[in-house]
Amino acid sequence: MLSFLIRRLGQSLLVMLAVALLAFSMFRFVGDPVTNMISQDASVEEREQLRDSLGLSEPLYVQFSTFVVQAAQGDFGISYRNQRPVSDLIAERMPATLELVAVAFVISLLVGVPMGVYSALKPHSWLSHVFQTLSLIGISLPTFVTGILLILTFSVTLNWLPSFGRGEVVNIGWWSTGLLTISGLKSLILPGIMLGLFQVTLIMRLVRAEMMEVLRTDYIRFARARGLSNRAVNFGHALKNTLMPVITIIGLQLGAMIAFAIITETVFQWPGMGFLFIQAVSFVDIPVMSAYLLLVSLIFVVINMIVDMLYFMLDPRLCADRGTANSH
Amino acid sequence: MTVTLGLGAAMASQANTLRMAEASDIASLDPYSVTESNTLGFLHHIYEPLVRYSADLQLEPALATSWKLVEPNVWRFELREGVSFHNGNSLSADDVVASIKRAIDPNAPIRVNVPTVVDARKVGELSVEIVLSTADPLLLNYLTTVYIFDKEWMTENNALQAIDLRKGEESYATTHANGTGPFTLESRQPDAKTVLAVNPKWWDTPQHNLTRIEFTPISSDATRVAALLSGEIDLMYPAPLQDVNRINATAGVKVLQAPSLRTIMFGMNQRDDQLHDSDIKGKNPLKDVRVRKALYQAINMELIQKKVMRGNSRNSALVVAPEVPGYDAALNQRFPFDPEAAKALLADAGYPNGFRVGLDCTNDRYVNDEEICQAVVSMWARVGIKANLTAQSKGNHFQKMLGGGSDIYMFGWATLPMLDTFSALAGFLATPADKLGTWNPGGYSNARIDSLIDQISGELDEPKRRAMLAETLEIARDEVAVIPLHQQPLSWGIREGITLPQTPDDTPRLWYTKVN
């Protein structure tokens with residue numbers, strides 16, 4: 001177990017380094033940050049001076065190694081655009097993204113699971129067909145279109161909900177939350193729906209497929225034969241067994257939601273990490289871009305590692321297989 | 001009826017809040033750490049310079065009440081009495097001296113806006129001298145972007161010096177503010193919301209009736225428009241051109257439009273012996289003035305103005321807008337759109353079948369930039385010029401263009417913050433050398449213009465100076481140094497009932513804003 005953990009950690013570190021290197025080589029194609037940072041009246045000399053002072057005139061491998069060494073110490077430098085430490089900026093934006101993802105996640109569970117269960121239990125009812133159609137639309141509609149449509153309907157036409165921002169936030173220590181104010185909660189609804197919509201359809205289809213599978217198995221038939229009520233069979237036995245694989249998938253989707261919050265945050269001017277990244281790209285703010293990419297890959301690596309370890313603990317055969325493989 | 005009226009009156013007296021949205025957030029609260037005009041424009045509500053622009057872009061006294069030349073390179077400024085900073089300290093000569101010294105610090109990005117200032121010294125409690133490296137007629141223009149700090153506040157907070165990005169320092173002034181302006185900083189959340197409250201002790205007579213300003217950046221065009229339409233904001237800019245009709249068709253909101261100071265142009269590579277992307281090898285057709293003129297006359301600006309810019313731009317023959325000192329209306333005659341003449345010019349220059357050339361444009365910097373270039377490509381095609389269009393984001397475009405990698409390139413010039421024709425001369429009409437011609441990667445060069453620039457830079461006699469500026473503009477036009485297209489439009493979306501002057505520098509001055 002320990003050797004597995006160490007090996008896994010080593011692999012994760014390699015992945016992180018690879019991501020950092022990839023990100024770094026990409027930045028050469030994003031453009032020149034200096035153009036954005038200095039006035040058009042600046043002389044060539046002043047431009048070069050700024051380039052030097054930012055370390056941009058050094059060879060790429062020097063820039064990369066400096067970045068890695070500093071990143072390992074938790075120092076991601078100063079944002080070119082905001083002129084503040086990148087780690088502070090990310091820490092400030094993190095609550096916004098995490099709250100948004102949490103709300104979207106809850107929405108996707110509260111809506112997706114019942115829809116899936118219903119359409120599995122009554123696959124031929126008209127409502128199930130409606131759900132199926134809706135889920136098709138939800139999966140195929142680009143998220144930004146959904147977002148704009150939501151804004152048009154609920155902000156512009158009906159005037160019910162705000163079209164941008166987080167509303168009023170309350171600070172609890174360094175964490176700023178929009179969950180404690182009316183305007184904060186209102187602001188969460190539309191972006192939450194937009195970000196959660198794809199997950200809703202995914203969960204619904206997953207739950208439906210899994211549950212129909214489970215309903216066909218022998219132990220469900222036995223349970224029915226034993227005279228258990230429909231409720232006990234469907235929810236006590238079938239749903240419980242359905243949820244295991246669903247939980248694995250949606251756990252992995254969490255990482256994706258944090259990463260893909262970028263689009264939602266851009267449409268709704270949501271001051272989260274993804275939006276910070278998009279702004280950084282348009283300004284060629286290299287320190288912010290590299291820190292964000294590293295953070296997102298860290299999230300994915302950690303989630304994958306936890307999943308792997310869970311499998312490892314749940315299925316001892318994995319261990320045995322490796323043992324035999326090593327002996328050859 | 002009385003109840004509603006009473007309620008309305010109560011709300012109006014309670015707070016006249018102006019909620020405004022812009023495409024991007026301000027970069028910093030420290031006006032010396034940026035040269036970007038949006039940031040400086042917003043910070044002008046908190047901080048003030050010695051001299052400022054009025055709503056019609058004329059220089060007028062702000063923190064200084066009068067000034068005079070003591071020597072050709074020494075200016076003396078008398079400061080306004082009874083001005084106090086937001087923290088209660090009163091303005092004195094020490095504050096101005098400390099501020100100027102902070103601005104000319106090698107680490108302060110703003111120093112490029114005050115290139116000739118070398119020193120500042122106190123001559124009395126409310127009297128300051130600014131020393132220049134050379135006689136400079138543009139000092140007052142420069143000073144409009146140098147906002148004055150409180151020396152005591154800077155000392156207390158260790159902000160006397162501009163920050164050095166390389167050292168990874170964060171300055172107190174980046175996140176805090178203490179100026180003399182009409183509004184005080186109430187709160188700031190970067191990329192989310194910045195709130196200003198009215199400064200009741202402002203020295204100037206308020207021509208506004210605002211009590212609060214809520215500034216929110218909204219980068220997505222669609223969301224910004226939606227926020228205006230749904231009544232969540234009162235003022236937003238820029239209003240995307242494609243949405244103008246829709247906004248105007250909605251009750252309660254409208255779009256204010258006017259041509260801006262920014263002239264959009266095509267620069268041309270006249271430096272290399274061969275173009276980068278062309279079928280003509282061994283020589284550079286763009287060095288030939290006939291070819292440049294042919295390219296010019298093949299562009300139908302009337303059509304672009306009508307179709308691409310929807311009637312909102314102002315076609316221009318000169319590289320500066322009418323509001324810019326040095327502009328001469330008599331010279332503002334475009335060479336006519338004439339494809340036949342263009343073909344004849346090309347044939348005359350030895351290219352009867354035209355040639356291929358690279359065209360570089362931005363797609364996220366100027367109003368309808370990519371669309372303009374697409375239109376031009378098809379217009380050029382009719383006279384035999386096959387332009388290979390590369391439209392990309394500004395970061396990449398300017399890197400390629402300024403690195404000399406483009407054949408023909410789009411760029412815009414607003415002459416800001418200098419607000420004088422000299423900015424265009426020094427920027428892209430001067431032969432590239434040291435501080436001049438930084439934005440002239442095409443290498444246009446004319447000895448007469450260079451010698452005029454030399455004289456203009458130290459000429460303190462205004463009529464003489466204007467005459468020389470006009471001469472340079474005329475030479476540049478006749479030689480087709482660049483192909484000027486138009487002044488792009490500004491468009492601000494605004495709620496009905498709000499009045500404010502729309503200044504062509506695209507900077508709302510909210511101390512002239514009235515809310516009903």
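The values are calculated or read from the model by the stated rules, or taken from the named source; none is laboratory data. Source: prediction; values computed, not measured. Cβ atoms come from the backbone with ideal geometry, glycine included; neighbour counts cover every protein chain shown. For the accessible areas, the whole protein counts, side chains as well, though only heavy atoms, and no ligand, DNA or RNA atoms are used. Shrake-Rupley method; radii C 1.70, N 1.55, O 1.52, S 1.80 Å.
Quick note on the protein assembly as shown: its Rg to Rh ratio, both from C-alpha atoms and Rh being the Kirkwood radius, is 1.02. Within the same chain, lysines fewer than 8 places from B:Lys514 are excluded, and of the rest, those with a Cα less than 26 Å from its Cα are B:Lys193, B:Lys201, B:Lys254. Within 10 Å of the Cβ of each residue in A:160-170, the mean number of Cβ atoms contributed by other protein chains is 5. Taking the DSSP bridge list for the protein assembly as shown and keeping only pairs wholly inside it, about 75 percent are antiparallel. Interface between chains B and A: roughly 4100 Å² of accessible area buried, both sides summed (probe 1.4 Å, protein heavy atoms only). Residues whose amide H comes within less than 5 Å of that of B:Arg262, counting only those at least five positions distant or on another chain, are B:Gln488 (H built at 1.01 Å from N in the peptide plane).
The string of couplings for the range B:210-224 from the Karplus curve (6.51, -1.76, 1.60, θ = phi - 60°) is 7, 10, 8, 10, 10, 10, 10, x, 10, 7, 6, 4, 4, 5, 5 Hz, one whole number per residue in order, with x for Gly and Pro. Percent of alpha carbon pairs in the range B:255-369 separated by more than 17 Å? So the pairs more than 17 Å apart make up 64 percent of the total in the range B:255-369. For chain B, the antiparallel share of DSSP beta bridges with both residues in that region comes to about 75%. Measuring spread by the Cα atoms of the range B:173-306 yields a radius of gyration and Dmax of 23.9, 69 Å. For the range A:87-317, the fraction of 1.4 Å probe accessible surface lying on carbon and sulfur atoms is 73 percent.
Modelled this way, with points 7 Å down the Cα-to-C-beta line, the labels at A:Phe235 and B:Lys514 are 6.5 nm from one another.
Applying the Karplus relation 6.51 cos²θ - 1.76 cosθ + 1.60 with θ = phi - 60° to the range B:341-354 yields 3J(HN,Hα) values of 4, 4, 4, 4, 4, 5, 5, 4, 7, x, 10, x, 9, x Hz, where x marks Gly and Pro. Among the residues of the range B:17-32, those with an accessible-area drop of 20 Å² or more from chain alone to full protein complex, heavy atoms and 1.4 Å probe, are B:Ala27. Legend: residues in the range B:196-230 shielded by at least 50 square angstrom of accessible surface upon adding the remaining protein chains to the isolated chain (1.4 Å probe, heavy atoms) are B:Ser219, B:Thr223, B:Ser230.
Counts of other chain beta carbons within 10 angstrom of each beta carbon in peptide B:171-180 average 1. Shown for chain A are the DSSP H helices of 20 Å or more along their axis, judged by Cα atoms, with a mean Kyte-Doolittle hydropathy of at least 1.0: A:2-26, A:86-121, A:126-140, A:182-215, A:240-267, A:286-314. Over chain A, what is the relative contact order in percent, taking alpha-carbon pairs closer than 8 angstrom and at least six residues apart? Relative contact order comes out at 25 percent. Each residue of the range B:505-516 is assigned a 3J(HN,Hα), and the resulting list reads 7, 6, 10, x, 9, 6, 6, 10, 9, 10, 10, 9 Hz, derived from the Karplus form 6.51 cos²θ - 1.76 cosθ + 1.60 (θ = phi - 60°), x at Gly and Pro. Buried on complex formation within the range A:269-285 (loss of at least 20 square angstrom of accessible surface versus the isolated chain, 1.4 Å probe, ligands and nucleic acids ignored): A:Gln269, A:Pro271, A:Phe275, A:Gln279, A:Ser282.
Determine, at each q value in 0.11, 0.13, 0.18, 0.22 (inverse angstroms), the log₁₀ of I(q)/I(0) that the Debye formula gives when each Cα of the range B:79-208 is one equal point scatterer. Summing over Cα pairs of the range B:79-208 leads to -0.43, -0.61, -1.14, -1.45.
Please find the FRET efficiency linking A:Leu60 to A:Asp88, where r is the Cβ-Cβ separation and R0 is fixed at 25 Å, and quote it to the nearest 0.05. That pair, A:Leu60 with A:Asp88, gives E of 0.40. Taking the accessible area of the range A:1-86, probe 1.4 Å, and keeping the other protein chains in place, the carbon and sulfur fraction comes to 66%.
Each Cα pair of the range B:27-106 feeds into the Kirkwood radius, which the Stokes-Einstein equation turns, at 25 °C and 0.890 mPa s, into a diffusion coefficient of 173 µm²/s. Other residues with beta-carbon under 13 Å from the beta-carbon of B:Asp56 carry, at +1 per Lys or Arg and -1 per Asp or Glu, a net charge of -1. Here the mean projected area of the convex hull built on the C-alpha positions of the range A:172-272 is 8.9 nm². Computed per residue of chain B from DSSP H runs no shorter than four, each worth -39500 (n - 2.57), the mean residue ellipticity at 222 nm is -7500 deg cm²/dmol.
Heavy atoms of the protein chains alone define the surface here; on that basis the protein assembly as shown has 42 Å² accessible area per residue at 1.4 Å probe size. The Rg/Rh ratio for the range A:87-317, using Cα coordinates for both the radius of gyration and the Kirkwood hydrodynamic radius, is 1.04.
Across the alpha-carbon atoms of chain B, the computed radius of gyration and Dmax are 24.5, 84 angstrom.
With all protein chains in place and a 1.4 Å probe, the accessible surface of the range B:142-269 carries 46 percent carbon and sulfur. Measuring max minus min along each principal axis, the C-alpha atoms of the range A:1-86 give extents of 62, 24, 18 Å (largest first). Contact order normalised by length for the range A:158-270, with contacts defined as Cα pairs under 8 Å and 6 or more residues apart; what percent is it? Averaging sequence separation for qualifying contacts and normalising by length gives 28 percent for the range A:158-270.
Whole angstrom only: what separates the Cα centroid of the range A:120-140 from the Cα centroid of the range A:24-56? Taking the Cα centre of the range A:24-56 as reference, the centre of the range A:120-140 is 53 Å away.
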